[in-house]
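Okay, structure first, notes after.
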Amino acid sequence: MHQPLRVRKYRIFDVGERSDYFSDASGTSLDNKFIIDKVSQKSYLPANRVILENIKRNPNFKVSFSISGLALEQFEKFAPAVIQSFQELVNTGNVELLSETYHHSLSSIYDRDEFETQVKLHRRKLKDLFGVTPTIFRNTELIYSNEIAKMAEEMGYRGILAEGADHVLGWRSPTFLYKPVGTENIKALLKHYKLSDDIAFRFSQRSWSEWPLTADKFGGWVSAHNGNGHSVNLFMDYETFGEHQWEDTGIFEFLRYLPEAILANPDNDFVTPSEAVERYPTAGELDVPNHTSWADTERDLSAWMSNDLQKQALDTIYELGKEIIHVDDPILQEDWRRLQTSDHFYYMCTKFWNDGDVHKYFSPYESPYEAFIAYMNVLQDMRLRLSLAKKREEHGISLTRLKPLRFSEM
Amino acid sequence: MAKQNLPSVLMFGWEFPPFNSGGLGVACEGLSKALASSGVPLTFVLPFKIPISVPWCKFVFANESDLVSEERMKRLFAGYQSHSENISIKNTVTGLPETISGDLIERVRAYAKKAGSIAEKNKHSIIHAHDWLTYPAGILAKEASGRPLITHIHATEFDRSGSDNINSEIFHIEKAGFEKADVVVAVSGRTREKVIEKYGIHPNKVKVVYNGIDFSQNSASIEQNLDKLKRGGNSIVLFVGRITLQKGPDYFVSMAKKVLSCEPNTFFVVSGSGDMEEEMIRQVAREGLSDKFIFCGFLRGDELARVYKAADMFVMPSVSEPFGLVPLEAMISEVPVLVSYESGVSEILSSALKSHFWDIDDMADKVINVLRHKKLSTQLSKNGTEEVKTIHWKKAAESLIEVYNSLNHGFSLPIFSSAPASASTQVSYF
């Protein structure tokens, strides 16, 4: 679960005049409060209600959530009921929370120190709100590589989530756990993308041969893996329930009957990622030298860094960071982190723009070019603030160096 | 599905390149060529005899055909005849070839008078008329042959003159054209809306067929003087089009001033002429921007191609633009474009920047960013060039053939299999 802080329409003439980059209040898709309100009503609240009822009816039903820090802080601010309902879910003991970067960033690729900082910020947020400490890591958009697994291991995680991409697995099944190459104590859990996407993408597709998808049918597909795997990992956007698949598609009914349909087979049960890691051995090594993710058909990084606009924006924000982290200006630093959220770069993607694809659906901007322009204008303002902060600091240092003046010495 | 017999089209136009003053002629050329290459037999009617021939269709000139009696005409146009004395319209606004003088409405009527006999002499199953200048002709042709009429609208009277200043006689000719038509074809969604709202035409009857453009590489060399400016570290922002109210030249100047406040090494090049040209030059002087503007008059062909080559950015701040072909020319020349949302072409472009014509800050912001970020300008020009290749006349022709076939459907009898005279029963009331 994640909601970015979308950058408002910010023009070159705003540079040096205003620094409220995320404050759109137009009631459109750039208005962060508006989006949180809408998605909470359509998706998070009703889905949480169904899951809570499911747990009450089936004490063996279990679910895990990875909620970005930016989503959590926006709920606190705009929709506290969502936080309460998650607290209620976590208190059942059947719900596990996973670790990720607070700002849902690409820092795992660009800046290791920053990556660790954001993971720590997220851990603190989970502790504050839910009183839990996660043991399993899932990176932004399921971005994964040997190196990221190694970093997660070094941070003390016992498990990490990844996409069960064909080009990584080959003939092997995502229903086993694997040992990432170069690690000792961490296990990789791979997304069963076929079954996950049956729900997330195909559920309401009338042209799909399996439409309509019932919980019983789906339970049968899950059961078919018995004897040939340990766990079927269904990873998806939580917005699947009610936002990507609207209520009238029957998605909440599906969710409501899923536990019974799966538990109808006595060989099945539900486990959280940490229980799976505890319970099952690895079935071999997993070698992923190049990054994978769950985005687009390529399942690589091209959704965020395939064109020159994205590369320039990313290079610029991380270049700025080299100085920003050394300046004593927490607000500037927080803005810098908010601008690292992967969504900003996703909106600049031109891969399929002309075909009106999924990037267009998710983008609040008229075009990738306009996303780039607003973002780069903001970075211009950030640069200005940075130089002001540096000046202030120099000024502050020279003031403390100056001895107090006494009349007696004059 | 077996390929059905394609309709044969009697097309009424007003001008044709190279004897054209505006986009109407260009559109007629592109459409007729693409229709013909899709196998549609086409007769193209023009009001005046001009020395022209193209390989894809036959031309008929109205001033060479038989006359319809004056009395029939009077009956047909009784509704708006009374206004005719006061009408005087500038040639440049309407697309009337410069060589032809005289009262425009009279010319339109004279054209229409010949339409009936042209329809009787030329085999066709569909009548297709372009803009109000040809609608009376189209209506009379329909009365003569009884074939379905398509009125194609490239620009309404509201687009030409702004809402306060419309010529009511022309408005009524347009309205009659839409009402008598079996289908109205509009060049954009926004033009379609106008036809529905301002003329009260039923939405089901109005279809959108976007214009296209023939892609051919701009291999011209860069304009010399502009090249010198660029070598000196300056950027070029380009305006191409008639300098009239509807094209928003005043917004272009205001935008230029804003751009210069951030990017002082920018020159603004204006190609075109029109009734606001002097006013634009005065505005530039008033704002103290005279040394940053270059007015090069109306350019076409190679001269224009050389200016495109020099441009770093093309801006079309049109206040009202039914379609707007010029940005597509710029895209062919690999120039990043900014178009107003108030243009029809903005409905189909993805690889372009868009602003409202009145949003000076937004336009200036976008221009400045393109001038500042090489990567942005490269992406726009690269993707724009790819995109413009897909906006071809063939696509427009395919949509039109669909419209033709939907109308053709009602006729089970082979059309005009016997002598053309058979149509005379349908015009007996003349």
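The values are calculated or read from the model by the stated rules, or taken from the named source; none is laboratory data. In this text the structure is predicted, and so the values were computed from the model without any measurement. Reconstructed Cβ throughout: ideal geometry from the backbone, glycine too, with neighbour counts over all protein chains shown. Please note that ligands, DNA and RNA were not included when accessible areas were found on the heavy atoms of the full protein model with its side chains. Shrake-Rupley method; radii C 1.70, N 1.55, O 1.52, S 1.80 Å.
Dipole magnitude for segment B:120-217: computed about the Cα centre from +1 point charges on Lys and Arg Cβ and -1 point charges on Asp and Glu Cβ, it is near 340 debye. Close amide H contacts of residue B:342 (hydrogens built in the peptide plane, cut-off under 5 Å, sequence separation of 5 or more or a different chain): B:357.
Counting only protein chains, not ligands or nucleic acids, how are B:172, A:326, A:104 ordered by accessible area (probe 1.4 Å), most first?
Working: B:172 80, A:326 140, A:104 5 Å².
Greatest to least solvent exposure: A:326, B:172, A:104.
Mind checking the dipole of the protein assembly as shown: about its Cα centre, +1 per Lys or Arg Cβ, -1 per Asp or Glu Cβ, Debye to the nearest 20? My answer is approximately 880 debye. Approximating the spin labels as points 7 Å out from Cα along Cα→Cβ, the residue A:38-to-residue A:384 distance works out to 3.1 nm.
Any chance you could give the angle, 0 to 90 degrees and rounded to 10, that helix A:251-263 forms with the longest Cα principal axis of chain A? Rounded to the nearest ten degrees, it is 50. When the residues A:103, A:244 are ordered by accessible surface, computed with a 1.4 Å probe over the protein chains alone, the sequence from largest down reads A:244, A:103. Centre-to-centre separation between the Cα atoms of segment A:1-28 and those of segment B:218-256: 32 Å.
Straight-line cross-link partners of residue B:394 among the lysines, defined as a Cα under 16 Å from its Cα and at least 8 positions apart when in the same chain: B:33. From the Kirkwood radius over Cα pairs of the protein assembly as shown, Stokes-Einstein at 10 °C and 1.306 mPa s returns a whole-number translational diffusion coefficient of 51 µm²/s. Shown in residue order for segment A:143-150 are the 3J(HN,Hα) couplings computed by the Karplus curve 6.51 cos²θ - 1.76 cosθ + 1.60 at θ = phi - 60°: 5, 8, 6, 3, 5, 5, 4, 5 Hz (x for Gly and Pro).
Straight-distance candidates among the lysines for linking to residue A:391, with alpha-carbon spacing under 21 Å and chain neighbours fewer than 8 residues away dropped: A:322, A:403.
With a 1.4 Å probe and every protein chain left in place, work out the accessible area per residue of segment B:205-310 in Å², rounded to a whole number.
Working: 5020 Å² over 106 residues.
Averaged over the residues of segment B:205-310, the accessible area is 47 Å².
In degrees between 0 and 90, to the nearest 10, how far off the longest principal axis of chain A does helix A:368-401 point, with axes built from Cα atoms? So the helix axis and the longest Cα principal axis differ by about 50 degrees. Chain A against chain B buries an accessible area of about 1900 Å², both chains summed, 1.4 Å probe radius.
Cα convex hull of segment B:235-379: how many Å³ per residue? Don't jump to the answer; show the numbers that get you there.
Details: hull volume 13.6 nm³, N = 145.
Once divided by residue count, the hull of segment B:235-379 is 94 Å³.
Sort segment B:216-276 into rounded, prolate or oblate with this rule: let a ≥ b ≥ c be the square roots of the eigenvalues of the Cα gyration tensor; rounded if a/c is under 1.5, and if a/c is not under 1.5, prolate when a/b is larger than b/c, oblate otherwise. Oblate shape, in that a/c is at least 1.5 and b/c is the bigger or equal ratio.
Taken one residue at a time, the phi angles of segment A:198-214 give Karplus couplings (6.51, -1.76, 1.60, θ = phi - 60°) of 4, 7, 5, 10, 9, 3, 9, 7, 5, 7, 6, 5, 8, 5, x, 8, 9 Hz. Gly and Pro are set to x.
Charge dipole of segment A:208-255 (Cα centre as origin; +1 on each Lys and Arg Cβ, -1 on each Asp and Glu Cβ, all else neutral): 340 debye, rounded to the nearest 20.
Please give, to one decimal in nm, the separation of the simple spin-label points placed at residue A:323 and residue B:375, each 7 Å out from Cα toward the Cβ. Computed distance between label sites residue A:323 and residue B:375 equals 1.8 nm.
Remark on segment B:380-402: accessible area falls by at least 10 square angstrom from chain-alone to full-complex state for B:380, B:383, B:387, probe 1.4 angstrom.
For segment A:159-221, the set of trypsin sites (Lys or Arg not before Pro) satisfying both a DSSP loop assignment and a count of at most 13 other C-beta atoms within 10 Å is given as A:206. Can you tell which of A:23, A:47, A:36 lies farthest toward the positive end of the dipole of segment A:10-51, using +1 and -1 charges on the Cβ of basic and acidic side chains (Lys, Arg; Asp, Glu)? Towards the positive end, the residue furthest out is A:47. Applying 1/(1 + (r/R0)^6) with R0 = 25 Å to the Cβ-Cβ distance of residue A:217 and residue A:297 gives a FRET efficiency near 0.50.
Over the protein assembly as shown, what is the percentage of antiparallel beta bridges among all DSSP beta bridges, to the nearest 5?
On the way: 5 of 61 bridges.
Once the DSSP bridges in the protein assembly as shown are tallied, antiparallel ones form about 10 percent.
Once the Cα atoms are used to define both axes, helix A:112-130 deviates from the longest principal axis of chain A by about 70 degrees. In the context of the full set of protein chains, chain A has a per residue accessible area of 44 Å² (1.4 Å probe). Ranked from largest to smallest solvent-accessible area, with a 1.4 Å probe on the protein heavy atoms, A:294, B:14 come out as A:294, B:14.
Counting heavy atoms of the protein chains alone, residue B:121 has an accessible area of about 120 Å² for a 1.4 Å probe.
Computed from the mean reciprocal separation of all distinct C-alpha pairs, what Kirkwood hydrodynamic radius does chain A have, in Å?
On the way: mean 1/r = 0.0439 Å⁻¹.
One over the average 1/r among Cα pairs gives 22.8 Å for chain A.
Phi angles of segment B:365-375 translate, via the Karplus equation with coefficients 6.51, -1.76, 1.60 and θ = phi - 60°, into HN-Hα couplings of 4, 5, 4, 4, 5, 5, 5, 7, 9, 4, 5 Hz per residue; Gly and Pro are given as x. Considering only A:291, A:110, A:90, the residue lying farthest towards the positive end of the dipole of chain A is A:90, judged by Cα position with unit charges set on Cβ.
Between residue A:362 and residue A:116, residue separation times 0.36 nm minus the direct Cα-Cα distance comes to 85.7 nm. Backbone amide hydrogens, once placed in the peptide plane, bring residue B:45 within less than 5 Å of B:11, B:12, B:13, B:60, excluding anything fewer than 5 places away on its chain. Listed by chain and number, the lysines placed with their C-alpha closer than 25 angstrom to that of residue B:194 are B:90, B:142, B:175, B:180, B:205, B:207, B:247, B:354, B:395; residues fewer than eight positions away on the same chain are left out. For residue A:189, the residues whose modelled amide H falls within less than 5 Å of its own, excluding neighbours fewer than 5 places apart on the same chain, are A:160, A:161, A:162. For the protein assembly as shown, the residue among A:235, B:217, A:193 whose Cα projects farthest onto the positive side of the dipole built from Cβ charges is B:217.
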